[in-house]
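Report on the following structure.
The values are calculated or read from the model by the stated rules, or taken from the named source; none is laboratory data. Just so we're clear, the structure is a prediction, and the values are computed from it rather than from any experiment. Methodologically, a virtual Cβ is constructed for each residue, glycine included, from the backbone with ideal geometry; neighbour enumeration extends over all protein chains shown.
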Amino acid sequence: MILTVGNTKGGVGKTTLAVNLAIARAWAGRDVWLIDGDRQGTAQTAISIRAESGRQPGIACATYPDGQTLRAQVQQQRGKFDDVVIDAGGRDSTSLRAALVLSDVLLVPFQPRSYDVWALNDIAALVDEARSVRDGLRAFAVLNCADPGEASSDNAEASAAVADVPQFAYLATPIRRRKAFANAAGAGLSVLELKPPDPKASAELSALVNALFEG
């Protein structure tokens, strides 16, 4: 599967999710290729830290912020991997547009804030463009950095707003605002690898992985 984690809005936690998803799939025995499509190179930095610390399983990672290069490399090498996870930059970029045309699944994380919800319409237009040239792109929106409270009104209002953007299916597997996610990604880890473990964070990530790859 080729999965892109993307949004035209920055600051929604794309890289943290992409790193966590890639490592979780590697732990499941899959050959995974993580592509950093952002010029900031944060995902590449996280995986470099992981490699330097000798953590296993290792994750293949490359940085292709240019859409033409990303497209060419994925087309040439996709057959070598079970799963390709693309971390696209937080803007309407050539790498994001190239990733959408190549991907089987788009995951759009958004936070429970008005600006994030409004931005869904921007990337929805890109989804329409990608679907006009390639059939089969499935697009999902997931609440990221959600308020910890189960009954948060902000979470509920944000998730309900996705219904107004028909290009996306809403995944009822929110990732809540927990230090474990930031701490893990900064060390090149998944929350599944943290010691001591955070059972709630691990359960949330596992639910998201199952919804994307097993659903």
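For the stretch 31-40, state whether one or more residues are under 15 Å from Val209 (Cβ atoms), at pLDDT 95 or above and surrounded by 16 or more Cβ atoms within 10 Å (Cβ to Cβ).
Within the stretch 31-40, the subset under 15 Å from Val209 (Cβ atoms) is 32, 34.
Subset that is at pLDDT 95 or above: 32, 34.
Still in the list and also surrounded by 16 or more Cβ atoms within 10 Å (Cβ to Cβ): 32, 34.
Yes; the residues of the stretch 31-40 include at least one that is under 15 Å from Val209 (Cβ atoms), at pLDDT 95 or above and surrounded by 16 or more Cβ atoms within 10 Å (Cβ to Cβ).
Just give me the residues in the stretch 186-203 being in contact (Cβ under 8 Å) with a residue 24 or more places away in the chain and surrounded by fewer than 21 Cβ atoms within 10 Å (Cβ to Cβ), in sequence order.
Hits for the stretch 186-203 are Gly186, Ala187, Leu192, Glu193, Lys200.
Report whether or not Ile175 is closer than 30 Å to Phe81 by Cβ and in contact with a Pro (Cβ under 8 Å, 6 or more places away or on another chain). Break it down stepwise before answering.
Values: closer than 30 Å to Phe81 by Cβ: yes; in contact with a Pro (Cβ under 8 Å, 6 or more places away or on another chain): yes.
Yes: the conditions hold for Ile175.
Among the residues of the stretch 65-77, is there at least one that is of a type in the set (A, V, I, L, M, F, W, C) and in a strand (DSSP E or B)?
The initial filter retains those residues of the stretch 65-77 that are of a type in the set (A, V, I, L, M, F, W, C), namely 70, 72, 74.
Going one step further and asking which of them are in a strand (DSSP E or B), we end up with none.
Scanning the stretch 65-77, I find no residue that is of a type in the set (A, V, I, L, M, F, W, C) and in a strand (DSSP E or B), so the answer is no.
Determine if the stretch 160-168 includes at least one residue that is buried (at least 16 other Cβ atoms within 10 Å of the Cβ) and either within 16 Å of the chain's Cα centre (by Cα) or free of Cβ contacts under 8 Å to residues at least 12 places away in the same chain (or both).
Start the filter on the stretch 160-168 by keeping residues that are buried (at least 16 other Cβ atoms within 10 Å of the Cβ), which leaves 161-162, 165, 167-168.
From the residues that got through so far, the ones that are either within 16 Å of the chain's Cα centre (by Cα) or free of Cβ contacts under 8 Å to residues at least 12 places away in the same chain (or both) too are 168.
Yes: the stretch 160-168 contains one or more residues that are buried (at least 16 other Cβ atoms within 10 Å of the Cβ) and either within 16 Å of the chain's Cα centre (by Cα) or free of Cβ contacts under 8 Å to residues at least 12 places away in the same chain (or both).
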